[in-house]
Amino acid sequence: MSGTRQAEDLALLRRYEPVLRYTRGELFLPMSVESYLRSCGLWRATGQQLRAPGDITATCLAEAGAAAVADDLSLQFVERPLTRRELRRWRRESGRTRFVAGNSRFATVGLLGRLIDAVMRLSLLLRGRVPGGTTAAAEQRYRSGPQPDACPYYGHVTHDRGFVALQYWFFYAMNDWRSTFGGVNDHEADWEQVTIFLADPPEPDARPAWVAFSSHDEAGDDLRRRQDDPDIDWQGTHPVVYAGGGSHSGGYLPGDYLVTVEPPALRRLLAGTRRLARVFLPWTRDREGTALGIPFIDYRRGDGAGIGPGAERPWNAVLVDDETPWVRDYRGLWGLDTGDPFGGERAPSGPRYERTGSVRRCWSDPVGWAGLDKETPSPEVERRAVEERIAELDDLIVAADAELDTRGDELRRIQAGIRALDSAGTRADRTALAAPEEAVDQVRVRRLALGEEREALARAAAAGLPPGDPHAHLRHRAVPNVDPVRTRHRVLRVWSTVSASVLLVGLALIVVDNRGDVVPALVFLAVLMLCVEAFARGHLLRFVGGLLAVAGLAAVIWTAAQAAIGNWRWAVAAVLVLSAVVLLLANVRDFFLKR
């Protein structure tokens, strides 16, 4: 890349660089690759150490990467995790900002979600995980390194399909989401990025056309937002990114984001259970995607440190591309390789590569990765697209008219034959008209649709296309969705903490008890657990009402069956008991309403 092109790219990166705002209690901010490498050892997958800490530079990393296969190398930042005593001492250190959750993720999700979470956490004992004390040791090493307050980003600029894609890559020494913020995983090192899309060539001082923040479960259209999206907080030409605590994922709005992960093997089971929950647990009806699955909260509050224009820390811009040696040649992991088969606790690969050694699509094809192939980068390109579509429609309309004439003539010929047979006294087969008539109808419908689109585009050519809803392209709009607990706050917090363990102990007692049938015991345990859950959430009466409704329906079915086989006395008694229950519920409801 020429010096002039580098200067132009660097100026563009500077003009639009984002502002990152972190959650109070964040331990790790973006750091330089060189500082990180100075503290790392380089290891083979076989356990052989190739280079000791203090003996690695970006140059030798590239050389080692060029000589190895993709999955053979990994870096290791922490040589030895802190012991329990050292960890307690680290936690008592003064001067470090503490994180206060405020909301309990277990109180926010349902009972089944807590049980699934407990199973997944127990699985950490069997799969590879980052050892305890690693986060504290990484924080000590990060804080004691050279210039811990110097915050670089690694900028990558590409030109494709009328867009200039400005990528800002941020490197962190540690993802401490699990250990510090109660999230799903920990892993050494973390690469996150923000991509800003401009029209090519860019208009001076204009806001970008689109922005895309890397996030956990978003892809394609859901990643990006248009420049006029009200969810984006702008500081001039600089978008504000609210980074998740420990996870460093990007959010457009500050707040707490509850996300649930559903294991693929359980997805159908959970979907069915969710439908039942909405019937019998009415408080879950308005909480799409938060009742089941593995729950965690991503805290993107923006109440901590800030980096970028107008913030307390400035950016240090570093330009990288496909020819930067350490970016191009090192395909290994940037931290401890735990061997976790689920991948959550393994360190990531670099900005250019996936863990498999293949090139990341967000690096090589940011326009396609963000679903922007169908979007126009500028009004000029949009006008040209309108004109070209009008010309294309004109050709399609001419072809449709010709097809309509051809098929209509065919239909008339068939009708003439039928009439001739009728006049000769021969019974004609009128079913021969069905297929040609249907074909003519289809062509007419298609011709009408083409004409309507042509008229709409003609109006747009004169007045321009309206911008439309900035959220129209989103299938899932990620917004803060952790509501404060509404009632019985303390009860729910305590119950949500212990409920999964209580359920497992209850199941254990049922398994070892040989005195009775297992099914009634399981039903009793389930009803008891759900009653406590409903009480803690302030929905006990509604839950009991729903439970009685189910029991009433079962009683009606049983009564009908008994009446059908001649046990009319039992049927009458069941009707009387059911009437008594309904009357009692109505009276209790009226009693509480009058109060």
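For this structure, a couple of remarks:
- Enumerated strands (runs of 3 or more DSSP E) restricted to the range 1-102, each holding at least 2 residues that are open to solvent by 20 Å² or more (accessible area, probe 1.4 Å): 41-44, 49-51
- Of the residues Glu380, Glu453, Glu392, the single one that is more than 30 Å from Tyr242 (Cα to Cα), open to solvent by 90 Å² or more (accessible area, probe 1.4 Å), modelled with pLDDT of 95 or more and among the acidic types (Asp, Glu) is Glu392.
- Candidate set: the range 204-249, residues that are free of Cβ contacts under 8 Å to residues at least 60 places away in the same chain, within 15 Å of the chain's Cα centre (by Cα) and open to solvent by less than 40 Å² (accessible area, probe 1.4 Å); chosen: the one farthest from Glu17 (Cα to Cα): Ser249
- Conditions (1) in contact (Cβ under 8 Å) with a residue 60 or more places away in the chain; (2) farther than 30 Å from Arg300 by Cβ; (3) open to solvent by 50 Å² or more (accessible area, probe 1.4 Å): number failed by Glu410: (1)
- Filter pass, Pro436 being within 30 Å of Thr324 (Cβ to Cβ), crowded, with 16+ Cβ neighbours inside 10 Å and in contact (Cβ under 8 Å) with a residue 12 or more places away in the chain: no
- Looking across the range 499-528, just one residue is of a type in the set (Ser, Thr, Tyr) and either open to solvent by less than 60 Å² (accessible area, probe 1.4 Å) or in contact with a Pro (Cβ under 9 Å, 6 or more places away or on another chain) (or both), and that is Ser499.
- The residue that is modelled with the lowest pLDDT, counting only those in the range 108-134 that are open to solvent by less than 10 Å² (accessible area, probe 1.4 Å) and among the β-branched types (Val, Ile, Thr), is Val109.
- Test result for Gly255, out of contact with any Cys (no Cβ under 6 Å at 6 or more places or on another chain), at pLDDT 85 or above and buried (at least 19 other Cβ atoms within 10 Å of the Cβ): no
- For Gly368, the stated conditions hold: it is without any contact (Cβ under 8 Å) to a residue 24 or more places away in the chain, assigned to a helix (DSSP H, G or I) and under 30 Å from Gly350 (Cβ atoms).
- The residues in the range 303-343 that are more than 25 Å from Cys60 (Cα to Cα), open to solvent by less than 20 Å² (accessible area, probe 1.4 Å) and in a loop (DSSP other than H, G, I, E, B) can be counted, and the count is 3.
- Residue within the range 397-407 that is outside any helix (DSSP H, G or I), open to solvent by 70 Å² or more (accessible area, probe 1.4 Å) and over 30 Å from Arg224 (Cα atoms) present: no
- Sole exception among (1) part of a helix (DSSP H, G or I); (2) open to solvent by 80 Å² or more (accessible area, probe 1.4 Å); (3) at pLDDT below 90 for Gln442, by number: (3)
The values are calculated or read from the model by the stated rules, or taken from the named source; none is laboratory data. Computed from a prediction, not measured in an experiment: that's the story for all the values here. Don't worry about glycine lacking a Cβ; one is built from the backbone with ideal geometry, like all the others, and counts go over all protein chains shown. For accessibility, only protein heavy atoms count, side chains too; no ligands or nucleic acids. Shrake-Rupley method; radii C 1.70, N 1.55, O 1.52, S 1.80 Å.
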